[in-house]
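Here the structure comes first, spelled out in structure tokens, and everything after it is commentary.
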Amino acid sequence: MLTIKARMAGLSEDAPPTSSASALGVAILTVSDTRTLDTDSSGGALVDYVKTAGHVLVDRVIVPDDIPALRAQVVAWTQRADLSVILITGGTGITGRDVTPEAIEPLLTKTIPGFGELFRVLSYEDIGAATIQSRAFAGLVGPVLVFALPGSTGAVRLAVDKIIAPQLDARTKPCNFVQLLPRLRER
């Protein structure tokens, strides 16, 4: 029997448990000039999600707020056959050092505008009008899904719990990104 939370997330009542067949290769990129692996709580929350969901952590790095370095890391990852998803945390605000959108959006081959829109609606329930300061976004770089989240651990948990986890779960009905991944290479 599914929990209320699982039913609300749209999981099918007769869905089998997550299997290795639906495990996705995920890379985590923290954008920060100051965090380390020991102090990166938002990246740590993403690692916890990846492992709990049964996905495969392919790589995790921290890159400074530097446009060429961020682009190089994402491009390198998109060349890997074992990678389906890149989760980015940090650099989506509006300060001078926040450059994640400027670095990554030019690489997108398709945007997923609904992600940022839904994230800000959900975030509004927690932080009110301050949500307009977030430039969270998602899209595809070739066949790789890319989600760019704020650096706050609360925002990361919100995005994962309410949007990303259900969409990266093959059991979510009526549809999910896992079902679409094989078709992302179509021309």
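What follows draws every value from the coordinates through simple rules; no lab data is involved. Small disclaimer: the values here were computed from a predicted structure and weren't measured. Here Cβ is always computed from backbone atoms with ideal geometry, including for glycine, and neighbour counts include all displayed protein chains.
Just a few scattered comments:
- On the stretch given as segment 133-158, residues that are in contact with a Lys or Arg (Cβ under 7 Å, 6 or more places away or on another chain) and part of a helix (DSSP H, G or I) total 0.
- Condition check for Thr100: among the hydroxyl-bearing types (Ser, Thr, Tyr) and surrounded by fewer than 21 Cβ atoms within 10 Å (Cβ to Cβ): no
- If the condition is being over 7 Å from Ile62 (Cβ atoms), of a type outside the set (A, V, I, L, M) and buried (at least 18 other Cβ atoms within 10 Å of the Cβ), then segment 30-42 contributes only Ser42.
- Residue in segment 122-143 that is over 21 Å from Val160 (Cβ atoms), touching a residue at least 24 places away in the same chain (Cβ under 8 Å), surrounded by fewer than 13 Cβ atoms within 10 Å (Cβ to Cβ) and of a type outside the set (Phe, Trp, Tyr) present: no
- In this structure, Ile94 qualifies as part of a loop (DSSP other than H, G, I, E, B), under 20 Å from Asp66 (Cβ atoms), among the aliphatic types (A, V, I, L, M) and in contact (Cβ under 8 Å) with a residue 24 or more places away in the chain.
- Leading residue by the ranking (nearest to Val85 (Cα to Cα)) among those in segment 159-186 that are basic (Lys, Arg) and either within 16 Å of the chain's Cα centre (by Cα) or not in a helix (DSSP H, G or I) (or both): Arg185
- Residues located in segment 24-73, provided they are outside any strand (DSSP E or B), in contact (Cβ under 8 Å) with a residue 12 or more places away in the chain, closer than 18 Å to Leu168 by Cβ and not small (Gly, Ala, Ser): Leu24, Leu46, Val47, Tyr49, Val50, His55
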